[in-house]
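A.B. asks: Attaching a single structure in structure tokens format; questions to follow.
The values are calculated or read from the model by the stated rules, or taken from the named source; none is laboratory data. Keep in mind the model is a prediction, meaning the values are calculated, not measured. Here the Cβ is made from the backbone with ideal geometry for all residues, glycine too, and neighbour counts use every protein chain on show.
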Amino acid sequence: MKGLKTLITLFQLHSFCCVVEEGSFRSAAERLFVSQPSVSQHIASLENHFGVSLFNRQKRRIRLTPEGRLLYSNAREILDRIEDVGDRITSLQSLETGTLSIGCSPYTGSNLVPLVLGKFASAFPAVKLSIITGDWGALEGKLKNNDLELLIHERKLNVNFDPAFICHPIGEEELVFAVSPEMHLPAGQLTPADLERFPFITYSTNNALNSYHDDFAIQHQIRFDSRLTVDNLEVAKNLVAEGLGIALLTRTSSEIGSFGKLIRIIELTASQNLRLQILAIYHQTQGLTYAGWEMLKLLERSMPEIPDSRMVSS
């Protein structure tokens with residue numbers, strides 16, 4: 001636009017919108033707690049900036065010109081967006097009240113998220129927490145509908161996430177094949193092919209470990225003798241302890257508590273090393289509140305470290 005000599009301020013736009021909405025310069029001045037000449041000066045600056053008349057002034061009545069109507073619709077949109085940004089910034093910075101809604105897979109809801117809830121509650125006692133567990137399809141729908149702010153879930157191999165989401169890796173867990181000490185296995189290290197001779201507990205497609213299980217079988221060109229199929233890692237762990245088969249588990253879940261005695265980790269050749277990536281998933285555009293970011297940082301710090309000797313390059 002040529003001939004621009006002044007800069008538009010938000011207060012000038014606000015004054016203009018108030019005049020339109022109140023129907024007079026006097027009422028607009030009262031609403032803004034300024035003098036009427038100040039409002040008149042703001043309107044004059046806008047008219048000088050655009051080189052047009054914004055109002056048709058007829059006695060005590062004012063009406064918008066076509067140019068004024070165009071400016072009002074755009075100015076109102078700008079001011080509403082600025083106000084929305086302000087509300088979001090306030091929400092991001094506020095930890096005094098509100099509810100942080102988190103979705104979890106059965107595994108992360110049982111083994112990871114509980115590790116940080118005590119610390120979060122102690123640091124931010126006025127923030128309520130809502131924890132919802134379920135399979136990926138149900139949780140993804142809740143995240144899309146804004147029923148959840150943050151979703152903690154295992155990564156599924158060869159699955160593309162909705163581009164509307166940010167998938168932030170918060171850590172990894174080592175995956176191992178585990179068996180009951182009562183099940184007789186050959187002494188020493190086993191090869192992946194040796195596993196074909198034993199009954200297996202496998203996972204349904206609802207569980208992320210299903211993709212890791214299939215990827216391992218394809219990579220080593222083997223077929224597992226699946227006797228049981230489950231959709232929950234905790235169920236698989238209990239079935240392993242009962243001696244019903246071998247299952248792919250996380251090392252931490254295999255070694256925790258009494259299961260350290262009920263479950264034995266199978267030592268395979270080095271090529272077996274697997275890692276399960278844990279993701280924090282949230283909306284691309286809306287992001288996280290400040291409470292959500294604090295929860296994410298606590299989760300990152302709580303993830304177990306995998307010694308270098310167990311890790312493989314991705």
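A.B. asks: Exactly one condition in (1) surrounded by fewer than 16 Cβ atoms within 10 Å (Cβ to Cβ); (2) touching a residue at least 40 places away in the same chain (Cβ under 8 Å); (3) among the β-branched types (Val, Ile, Thr) is false for residue 132; which is it?
C.D. replies: Unmet for residue 132, out of (1) surrounded by fewer than 16 Cβ atoms within 10 Å (Cβ to Cβ); (2) touching a residue at least 40 places away in the same chain (Cβ under 8 Å); (3) among the β-branched types (Val, Ile, Thr): (2).
A.B. asks: Listed residues 166, 170; which is surrounded by 18 or more Cβ atoms within 10 Å (Cβ to Cβ), part of a strand (DSSP E or B) and β-branched (Val, Ile, Thr)? Show your work before the answer.
C.D. replies: Details: 166 fails: surrounded by 18 or more Cβ atoms within 10 Å (Cβ to Cβ).
170 is the lone residue from the list that is surrounded by 18 or more Cβ atoms within 10 Å (Cβ to Cβ), part of a strand (DSSP E or B) and β-branched (Val, Ile, Thr).
A.B. asks: In the range 272-313, which residue that is in a helix (DSSP H, G or I) and under 30 Å from residue 195 (Cα atoms) is modelled with the highest pLDDT?
C.D. replies: Ranking the qualifying residues of the range 272-313, first place goes to 272.
Residue-wise test of (1) within 13 Å of residue 240 (Cα to Cα); (2) more than 39 Å from the chain's Cα centre (by Cα); (3) surrounded by fewer than 16 Cβ atoms within 10 Å (Cβ to Cβ); (4) free of Cβ contacts under 8 Å to residues at least 40 places away in the same chain.
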{"residue": "178", "(1), (2), (3), (4)": "yes, no, no, no"}
{"residue": "195", "(1), (2), (3), (4)": "no, no, no, no"}
{"residue": "205", "(1), (2), (3), (4)": "no, no, yes, yes"}
{"residue": "211", "(1), (2), (3), (4)": "no, no, no, no"}
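A.B. asks: Name the residue, out of 148, 139, 115, 143, that is part of a loop (DSSP other than H, G, I, E, B) and closer than 27 Å to residue 210 by Cα.
C.D. replies: 148
A.B. asks: Right, another one. If I ask for residues that are over 23 Å from residue 80 (Cβ atoms) and among the hydrophobic types (A, V, I, L, M, F, W, C), which ones from the range 3-51 would you list?
C.D. replies: Hits for the range 3-51 are 4, 44.
A.B. asks: Right, here's the next one. Could you say which residue among 222, 218 is of a type outside the set (D, E, K, R), more than 28 Å from the chain's Cα centre (by Cα), at pLDDT 85 or above and in a loop (DSSP other than H, G, I, E, B)? Quick ask: steps written out before the conclusion?
C.D. replies: Working: 218 fails: in a loop (DSSP other than H, G, I, E, B).
Result of the check over 222, 218: 222.
A.B. asks: Restricting the search to the range 29-70, which residues are part of a helix (DSSP H, G or I) and either in contact (Cβ under 8 Å) with a residue 40 or more places away in the chain or not assigned by TED's automatic domain parsing to the domain that holds residue 16 (or both)?
C.D. replies: Initially, the range 29-70 is screened for residues part of a helix (DSSP H, G or I), giving 29-32, 36-50, 66-70.
Scanning the range 29-70 gives 48, 49, 50, 68.
A.B. asks: Then there is this: Which condition breaks for residue 254 when tested against (1) surrounded by fewer than 17 Cβ atoms within 10 Å (Cβ to Cβ); (2) hydroxyl-bearing (Ser, Thr, Tyr); (3) at pLDDT below 90?
C.D. replies: So residue 254 meets the others, but not (1).
A.B. asks: Output the residues belonging to the range 229-257 that are without any contact (Cβ under 8 Å) to a residue 40 or more places away in the chain and over 23 Å from residue 172 (Cα atoms).
C.D. replies: Scanning the range 229-257 gives 229, 239.
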